[in-house]
Amino acid sequence: MATTSSSQLALFGGAPVRDARKPWPAWPIFDDREKQALVEVLESGKWWYGERVARFEREYAAFQDTKHCVTVTSGTTAGEVLLQAIGLNSGDEVIVPPYTFYATASMVLRRGGIPVFVDVDDSWCMNPDLIEAAISPRTRAIMPVHLGGRVCDMDRINEIAARHGLLVLEDACHSWGGKWKGKGTGALGKAGIFSFQASKNINAAEGGAIVTDDEDLAELCRSITNCGRLKGGLWYSHPNLGTNARLTEFQAALLSVQLTRLEEHNRTRDKNAAILNEALARIEGLTPQPGDERITRRAYHLYCLRIDPETFGCSREKLVEAAKAEGLPGISEGYGIPLYEQPSIANAPNAPDYSKQECPVARDICSRSGIWIAHTALLGSEADMHDIVAIFTKIKKNAEALDRA
């Protein structure tokens, strides 16, 4: 348990709960296994889109409980390729949440489609109660986002989609190893996309994947990523309009090793998040992101919680500033505006007029209440979690003074 020599906030000259002598877990995590895998690829002379890629695709498909995995250069690319493969046409609509990374909406616009924004609820994920009102004759798909690794209500979303003849395309870029009722994320709808970018829970600096149980869809995605070539076809034959979105053997080698760590990391994050959930929920004015008993395995990319500034005693911004001074660097306010207010989305040539769009829960999380703690902190020890609790407890005790400062 953390102890401090002063109850005064570090911002005001007091001793921090945690100083530089107690570093948080570094990221990425690697050892000689990653080094050896890279050396093996280097010395093989086969660096390009070969057996290492095929091996990781088999491993990752099995890990996510799906039949097929197609690797690509990024999670964003995965989404754009998937939207092309389902035949998204100009003017087709895709229902997305407004609280997510930019690419969830930008890839729809870049494929000529129109993002239709449905607000999130207290889960921080798309609110199923609002989906049907957003469906129009032009709607092709629903793209739920498992924000921070918290799985959306896939029962409701799939039921709505089936009733309206829509595809469900999961943005699972925060959800490696997550499961809903025992089945892996990405395999809960028609297809799902993942990211392996440097900040992600398995990391090849860049990279992504599409997973699906549909063999024809998987082969079309693979063709698009491989310059439009067909399996078994001539090298300079390009029947499909494709691009070069292939993963390298080096990236695949890294990912195969990183995948061997993920089960242990997920268990550690889950155990530590449970400590935080119990303790932080007892602090008046803080609400951790709620779970769902149907989530049978949670993959934490972010630890999310909301502050009610009036109840807690100070603003979110002052809490975050004070927490950093107390020794918690991996804390932030997260996304600052709903996606429909991003200039390149609001002003896209094919975008509708979003000026009257309003998603009050997403706006509140963006502008007032949302707080993130990076997944790397959850890889720490139980004592580290008690330090986080001590930091929030100390700030709560000093919140009124902090608010006046």
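Observations on the structure shown:
- Selection count where residues are part of a loop (DSSP other than H, G, I, E, B), farther than 30 Å from Arg33 by Cα and in contact with a strand residue (DSSP E or B) (Cβ under 8 Å, 6 or more places away or on another chain), scope segment 201-244: 4
- When each of Asn350, Asn398 is tested for being farther than 19 Å from Ala279 by Cβ and touching a Ser or Thr at 6+ places or on another chain (Cβ under 8 Å), the lone residue that passes is Asn350.
- Cβ separations smaller than 6 Å between residues 6+ apart or across chains give the following pairs from segment 116-135 residues that are at positive phi to residues that are surrounded by 18 or more Cβ atoms within 10 Å (Cβ to Cβ) and part of a helix (DSSP H, G or I): Trp124/Leu147.
- Taken across segment 92-101, residues that are surrounded by fewer than 21 Cβ atoms within 10 Å (Cβ to Cβ), hydrophobic (A, V, I, L, M, F, W, C), in the same structural domain as Leu217 (by TED's automatic domain parsing) and closer than 26 Å to Ser223 by Cα do not occur at all.
- Criterion applied to Ala141, Ala133, Ala187 was being part of a strand (DSSP E or B) and modelled with pLDDT of 95 or more, and the one residue passing it is Ala141.
- Residue tally, condition among the hydrophobic types (A, V, I, L, M, F, W, C) and either surrounded by fewer than 13 Cβ atoms within 10 Å (Cβ to Cβ) or more than 17 Å from Pro290 (Cα to Cα) (or both), over segment 122-136: 5
- One residue stands out among those in segment 67-98 that are within 19 Å of the chain's Cα centre (by Cα) and in a loop (DSSP other than H, G, I, E, B): the one that is farthest from Ala362 (Cα to Cα), which is Thr73.
- The lone exception for Phe12 - which of (1) touching a residue at least 60 places away in the same chain (Cβ under 8 Å); (2) closer than 30 Å to Thr268 by Cβ; (3) not assigned by TED's automatic domain parsing to the domain that holds Ala141 it fails: (2)
- All of (1) farther than 21 Å from Gly330 by Cα; (2) buried (at least 16 other Cβ atoms within 10 Å of the Cβ); (3) in contact with a Gly (Cβ under 9 Å, 6 or more places away or on another chain); (4) β-branched (Val, Ile, Thr) hold for Thr311 with one exception: (2).
- Tabulated pairs, segment 19-38, first closer than 19 Å to Thr260 by Cβ, second part of a loop (DSSP other than H, G, I, E, B) and among the polar types (S, T, N, Q), C-beta under 6 angstrom, 6+ apart or interchain: Pro28/Asn203
- In segment 190-201, the residues that are crowded, with 24+ Cβ neighbours inside 10 Å and out of contact with any Gly (no Cβ under 7 Å at 6 or more places or on another chain): Ala191, Asn201
- Cβ-Cβ under 8 Å pairs, at least 6 apart or on other chains, segment 342-371 side without any contact (Cβ under 8 Å) to a residue 12 or more places away in the chain, far side buried (at least 19 other Cβ atoms within 10 Å of the Cβ) and of a type in the set (Phe, Trp, Tyr): Ala346/Tyr340; Ala346/Tyr354
- Failed item, numbered, when Gly370 is tested on (1) of a type in the set (Gly, Ala, Ser); (2) surrounded by fewer than 21 Cβ atoms within 10 Å (Cβ to Cβ); (3) under 24 Å from Ser199 (Cβ atoms): (2)
- Sole exception among (1) in a loop (DSSP other than H, G, I, E, B); (2) of a type in the set (A, V, I, L, M); (3) under 15 Å from Phe63 (Cα atoms) for Ala198, by number: (3)
- Residues of segment 41-66 that are outside any helix (DSSP H, G or I) and of a type in the set (Val, Ile, Thr): Thr66 alone.
- Per the conditions (1) under 28 Å from Arg52 (Cα atoms); (2) in contact with a strand residue (DSSP E or B) (Cβ under 8 Å, 6 or more places away or on another chain), the sole criterion not satisfied by Thr296 is (1).
- Candidates Gly75, Gly79: the one that is more than 21 Å from Ala161 (Cα to Cα), crowded, with 20+ Cβ neighbours inside 10 Å and touching a Ser or Thr at 6+ places or on another chain (Cβ under 9 Å) is Gly75.
- Every pair of residues 6+ apart whose Cβ atoms lie under 6 Å, when the first sits in segment 291-305 and is farther than 16 Å from Ile202 by Cα while the second is of a type in the set (D, E, K, R) and in a strand (DSSP E or B): Thr296/Lys179; Arg297/Lys179
The values are calculated or read from the model by the stated rules, or taken from the named source; none is laboratory data. What you see is a predicted model; the values in this text were computed from it and never measured. Ideal geometry is used to build each Cβ from the backbone, glycine not excepted, and the neighbour counts take in all protein chains shown.
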